[in-house]
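The values are calculated or read from the model by the stated rules, or taken from the named source; none is laboratory data. Only a predicted model underlies this, so the values are computations on that prediction, with no experimental measurement involved. Virtual Cβ from ideal backbone geometry, glycine too; neighbours counted across all protein chains shown.
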Amino acid sequence: MIAWLAEPLAHGFMQRGMLAGAIVGVLCAVVGCFVVLRSMAFIGDAMAHAVLPGVAVAYLVKGDLFVGALGAALAVALGIGALSRRGQVREDSAIGILFAAALSLGVLLISSIRTSATDLGHILFGNVLGVSARDLLLTGAIAAAVLAAIFLLYKELVVVSFDPVLAATLRLPAERLRIALLVLLALTIVVSLQTVGVGLVSALLVTPGATAQLLTRRLPRMMAVAGALGVASCVIGLYASYYLDVASGAAMVLTATAFFVVAFLFAPRRGAAWRLLERARRHPAAS
Amino acid sequence: MRHPSKRRIVVVVVAAAALALASCTRAPRSAPAARVLASQAFLADIAGAVAGERIAVAALLPADTDPHTWEPAPRDAAAVAAADLFIVNGAGLEAFLEPLIEGLGSEGPRVVEASAGLVPREHDEDGHDEDGHGHETDPHFWLDPLNVIRYAENIRDALSTLDPAGADAYRANATAYAEELQALDRWIVAEVARIPPERRLLVTNHESLGYFADRYGLRIVGTVIPSVSTGSSPSARQLAALVDLLRASGAPALFVEEGADARVARQLADEAGVRLVTDLRTHTLTGPDGPVPTYLAMMRADVRTIVNALVAP
């Protein structure tokens, strides 16, 4: 068994992939609890694609593509905040508008760079098996910073997200906190994006959080469960990729999905199977 | 990493009447009022060598453009529609252009496949195609210069049909170009001979160097992305096997095409302790002022890159 577990780790790229997957798994899942509870499931996908114009501009001025992506994601995050501030535009509409605009701007810029053989779309398709030591450090540092910020601002973020009346009573800087959350999201998405790719980011932001929500109602516990599920999905997915010989990112996403399906069916009291059982017990004649 | 089948480059050969066409960059110098278009920069260059002075050849996409992120603009579609002859590589390389060509229907140009008549290579039996990709046709004929002689002949015939008055000139040009290709071939044979036989091993990001390897006695040990398809991504097992293969075979380097995403390949090369070479060009040229303005220059640059990486321990 130990040999079975250790064999894939003989390779450096597998060790880095495991670590990167675990870091991104925790980070996305914890941040994803806010995403799930605030019904912004598509912000991951949206922001991930919205980085394109930043990447294109960074390429044109020969800057760092990561910095360009981060700049674009922050701009989109702040734009979403600004558009939906007074509630004239709903947050999900703001996400939709800015995402579509940024993606199109990116495509437009990239197609006008007609002198380059470089495929700028690459930044969207990070591969967990292609993580360098530098990527790993950067990912780890940003993940630590984001998680620390969430820990420190936990109470305020929760109140502002879910209880605007209480937030007003407490005179919390609601606007700034909401933007802080969007900025944390942007950081999470961009750093995960270049490490593991767009497909995995959007899945890890939503699926573990949604699974945890089926299992517990308390937010701190939900974050812990989601984080654990995020890590487990990445690690199990990577082993599956090794032993079943399948694409790694897809294996991770589908592992997370499997956890979700199990929770959906068998979660205590809330699972579909549980409810069927309850109904059968209450109406024995009908079943 | 992306595959050549998405590479889209179109060349326009324009006659005097077509000076107004937005994408044409060279003025035609002679009478035939025919517009000829090719799909790739290197094809434009080869076609230009055959067409010579009679018909100007220009690329719809600039030579160095990455076709993967290229989307046809209306003027590109217009250029295809305005062409009388459209030269493509064939063998599936231009699959991405099919909707455009089919959309034009009867208004579209006559299409000639430069690789027509060449026999696709068989995948190695010992090889890298255990994943069932063996049935895919490898379109990279042009990486063996002797195959390009056939390209030149096909283009010569198509041009002669279009412009019978120029047939003699095209024949002479094609013959002269074939001699250049044979000289290139002899030079490559001599260059590869400098590599110790046990080091004549190629590991590439993509399966693109098959014809080259077949012709010059190099062995393709493995590829990072086993399929020619863009959408596929390798499994952890495949990559681990490739690292083992790199170590076991003693292949001195891992080659990635210019502009391709080298992140995974870089990790593998580090892991196996081999050199990573990222400036191989298989279908892009530089502009006229760059280091590889022509197909012949591209081949020479690639051979130098490969020989340099493999020759020294």
Among the residues of the stretch B:97-132, write down those that are closer than 29 Å to B:VAL221 by Cα and modelled with pLDDT under 80. B:GLU122, B:HIS123, B:ASP124, B:GLU125, B:ASP126, B:GLY127, B:HIS128, B:ASP129, B:GLU130, B:ASP131, B:GLY132
Of everything in the stretch B:235-262 that's in contact with a helix residue (DSSP H, G or I) (Cβ under 8 Å, 6 or more places away or on another chain) and under 20 Å from B:THR284 (Cβ atoms), which residue is nearest to the other protein chains (Cβ to nearest Cβ)? B:ASP261
Quick test of your reading of the structure: A:SER93 fulfils all but one of (1) part of a helix (DSSP H, G or I); (2) among the hydroxyl-bearing types (Ser, Thr, Tyr); (3) within 17 Å of the chain's Cα centre (by Cα). Name the failing condition by number. (3)
Regarding A:SER202, is this residue buried (at least 22 other Cβ atoms within 10 Å of the Cβ), among the hydroxyl-bearing types (Ser, Thr, Tyr) and more than 14 Å from chain B (Cβ to nearest Cβ)? yes
If we scan the stretch B:273-290, do we find a residue that is away from every other protein chain (no Cβ under 14 Å), at pLDDT 90 or above and within 20 Å of B:HIS140 (Cα to Cα)? yes
Tell me, yes or no, whether the stretch B:262-283 has at least one residue that is crowded, with 21+ Cβ neighbours inside 10 Å, hydroxyl-bearing (Ser, Thr, Tyr) and in contact (Cβ under 8 Å) with a residue 40 or more places away in the chain. yes
Of all the helices (runs of 4 or more DSSP H) wholly in the stretch B:206-313, which have at least 1 residues that are closer than 21 Å to A:VAL131 by Cα? B:236-249, B:263-272
B:GLU71: passes all of (1) within 14 Å of chain A (Cβ to nearest Cβ); (2) at pLDDT below 70; (3) buried (at least 24 other Cβ atoms within 10 Å of the Cβ) but (3)
In this structure, does A:MET252 turn out to be within 11 Å of chain B (Cβ to nearest Cβ), part of a helix (DSSP H, G or I) and of a type in the set (A, V, I, L, M)? yes
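Residue by residue, here is whether (1) modelled with pLDDT under 70; (2) within 18 Å of B:ILE101 (Cβ to Cβ); (3) among the hydrophobic types (A, V, I, L, M, F, W, C) holds:
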residue: B:ALA20; (1), (2), (3): yes, no, yes
residue: B:ARG29; (1), (2), (3): yes, no, no
residue: B:VAL36; (1), (2), (3): no, yes, yes
residue: B:PHE42; (1), (2), (3): no, no, yes
residue: B:VAL57; (1), (2), (3): no, no, yes
residue: B:LEU61; (1), (2), (3): no, yes, yes
residue: B:PRO67; (1), (2), (3): yes, yes, no
The conditions are (1) on the phi > 0 side of the Ramachandran plot; (2) touching a Phe, Trp or Tyr at 6+ places or on another chain (Cβ under 6 Å), and B:GLY273 fails exactly one of them. Which is it? (2)
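Of all residues in the stretch B:166-200, how many are outside any helix (DSSP H, G or I) and under 21 Å from the mean Cα position of the chain (by Cα)?
Total satisfying the criteria: 0.
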Kindly indicate whether any position in the stretch A:228-236 is within 14 Å of chain B (Cβ to nearest Cβ) and free of Cβ contacts under 8 Å to residues at least 24 places away in the same chain. yes
Working carefully through the options A:ILE110, A:ILE97, find the one that is more than 30 Å from A:LYS155 (Cβ to Cβ) and at pLDDT 85 or above. A:ILE97
For the stretch A:194-230, which residues satisfy the criterion of being under 19 Å from A:TYR154 (Cα atoms), of a type in the set (S, T, N, Q) and in a helix (DSSP H, G or I)? A:GLN213
Please verify whether A:LEU181 is under 20 Å from the mean Cα position of the chain (by Cα) and surrounded by 19 or more Cβ atoms within 10 Å (Cβ to Cβ), treating the condition exactly as stated. yes
Could we say that A:PHE34 is farther than 30 Å from B:LEU242 by Cα and surrounded by 16 or more Cβ atoms within 10 Å (Cβ to Cβ) here? yes
Being within 14 Å of chain A (Cβ to nearest Cβ), under 30 Å from A:ALA251 (Cα atoms), out of contact with any strand residue (DSSP E or B) (no Cβ under 7 Å at 6 or more places or on another chain) and not hydrophobic (A, V, I, L, M, F, W, C) is the requirement here; does B:ASP270 meet it? yes
